[in-house]
Amino acid sequence: MKIDLHIHSNFSDGDYPLKKLIRKIKRKKLDVFALTDHDRTDGWLEARQRASKAGISFIPGIEITTEWRLGVSKPFGMHLLAYLPDKDNAELQAILVQNQNEREVRLKQYIQNLQRDYPALTFDKVASMSKEGSTLGRPDIARVLVKLKLAKSVGDAFDGILSKRSKHYVRNEAPDVLEVIAAVRKAGGVPVLAHPSRGDGDKVSFEEAVFDQMRQAGLLGIEVDHIEVKGANREWLVAYATKHNLIMTGSSDYHGRKAKKDNPLALHTTTPEMLKRILELGTGTEPHLEKKF
Ligand code: AMP
Ligand code: ZN
Ligand code: FE
Ligand code: FE
């Protein structure tokens, strides 16, 4: 049983449209996948239809851009996975629309900064290389930098021109993670903190009190098996999740190998026991299941 619960299509910053993506998922012999595009749900319908035709189980998901603000002078970004929420819930919808708008504002500002040194880069070029209406992020700028021969690959663009340390960098402003966790729960969804890590190292991601407050807000799980979660950090997260009986997931965070070469499909997977818990707790929308869990 192969279960991968964190996958992106071109409805956000993934390389592939759903048709091609689901063909790849089928070829990889995944039994269950979740579509978790950034800050939107409009890939769900097509994903459900195609998954059903291909005989693969499908879990509707979202990766929501959020940040931690409490007690820190500079907020830090967190990604929150939400499985099986009601996409029409008004509060959740408002968060997603706000994030979609903020992503566009941020990308325009980011491109303006870059234009001072790379005048060939324009917002129109970035928009025209991305699916219409998709949520935009740094990978979308990176693709244009590659096309303009300003970077050799998307990965190189991230290491250089688009690095967080570069003077051009603009961060995404986002809603407070505690509010988003609560909103996801109210919408019947299962909030799972995505890839908790600080930088590239294996040092423990956030203080225990941060996780305690997220749990009190309604956090139900942690993505402990992910390429960015390593060593002592991973051990700490597994111990914390075990102590508090949180769901633990493992996923690839697949975006296509052009966008993220080190994240092949099924790089990490989730156990059927953990999926079963998500299915029991997620009541906002129906999954498409090929078998009973
Ligand atoms: P943003 O949220 O726009 O700042 O960009 C972050 C997005 O880029 C996330 O969805 C990551 O999955 C993706 N990403 C992060 N690092 C890399 C990398 N080295 N190469 C390609 N994509 C990356
Ligand atoms: Zn992404
Ligand atoms: Fe993420
Ligand atoms: Fe992701």
Hey, does region 143-151 have a residue that's away from ligand 3 (no atom under 16 Å from the Cβ), buried (at least 23 other Cβ atoms within 10 Å of the Cβ) and within 20 Å of ASN113 (Cα to Cα)?
-> yes
Tell me, which residue of region 180-204 that is within 16 Å of ligand 1 (Cβ to nearest atom) and assigned to a loop (DSSP other than H, G, I, E, B) is modelled with the lowest pLDDT?
-> ASP200
Taking region 228-239 as the search range and keeping residues that are open to solvent by less than 60 Å² (accessible area, probe 1.4 Å) and in contact (Cβ under 8 Å) with a residue 24 or more places away in the chain, which one is farthest from ASP159 (Cα to Cα)?
-> LEU237
Can you name every residue in region 117-176 that is away from ligand 1 (no atom under 11 Å from the Cβ), within 25 Å of GLN100 (Cβ to Cβ), in contact (Cβ under 8 Å) with a residue 12 or more places away in the chain and in a loop (DSSP other than H, G, I, E, B)?
-> LEU121, SER130, LYS131, GLY133, SER134, ILE161, HIS168, GLU173, PRO175
In region 55-74, what count of residues is obtained for those that are within 16 Å of ligand 3 (Cβ to nearest atom) and not β-branched (Val, Ile, Thr)?
-> 4
For region 258-293, which residues satisfy the criterion of being outside any loop (DSSP other than H, G, I, E, B) and in contact (Cβ under 8 Å) with a residue 12 or more places away in the chain?
-> PRO272, MET274, LEU275, LYS276, ARG277, ILE278, LEU279, LEU281, HIS288
Matching option when the condition is closer than 27 Å to TYR16 by Cα, of a type in the set (Ser, Thr, Tyr) and surrounded by fewer than 18 Cβ atoms within 10 Å (Cβ to Cβ), among THR249, THR285, THR242, THR271 = THR271
Search result, residues across region 259-288 that are away from ligand 2 (no atom under 16 Å from the Cβ) and aliphatic (A, V, I, L, M) | ALA266, MET274, LEU275, ILE278, LEU279, LEU281
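Confirm whether ALA217 is open to solvent by less than 50 Å² (accessible area, probe 1.4 Å) and farther than 17 Å from LEU267 by Cβ.
On the way: open to solvent by less than 50 Å² (accessible area, probe 1.4 Å): yes; farther than 17 Å from LEU267 by Cβ: yes.
When the stated conditions are applied, ALA217 passes them.
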Could you please let me know if ASP15 is among the charged types (D, E, K, R), out of contact with any Leu (no Cβ under 8 Å at 6 or more places or on another chain) and in contact (Cβ under 8 Å) with a residue 60 or more places away in the chain?
-> yes
Can you confirm whether region 3-15 contains a residue that is more than 12 Å from ligand 2 (Cβ to nearest atom), surrounded by fewer than 24 Cβ atoms within 10 Å (Cβ to Cβ) and either of a type in the set (D, E, K, R) or more than 22 Å from LYS276 (Cα to Cα) (or both)?
-> no
Every residue from region 16-29 that is buried (at least 24 other Cβ atoms within 10 Å of the Cβ) and either charged (D, E, K, R) or more than 14 Å from ligand 2 (Cβ to nearest atom) (or both) = ILE22, ILE25
Kindly list, by first and then second residue, each pair from a residue in region 184-198 that is polar (S, T, N, Q) to a residue that is part of a loop (DSSP other than H, G, I, E, B), limited to pairs with Cβ atoms under 9 Å and residues at least 6 apart or on different chains.
-> SER197/LYS203; SER197/SER205; SER197/HIS226; SER197/GLU228; SER197/VAL229; SER197/LYS230
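The values are calculated or read from the model by the stated rules, or taken from the named source; none is laboratory data. These figures come from a predicted structure and were not determined experimentally. Please note: Cβ atoms are built from the backbone with ideal geometry, for glycine as well, and neighbour counts cover all protein chains shown. Ligands, DNA and RNA are excluded from the accessible area calculation, which covers all protein heavy atoms including side chains. Shrake-Rupley method; radii C 1.70, N 1.55, O 1.52, S 1.80 Å.
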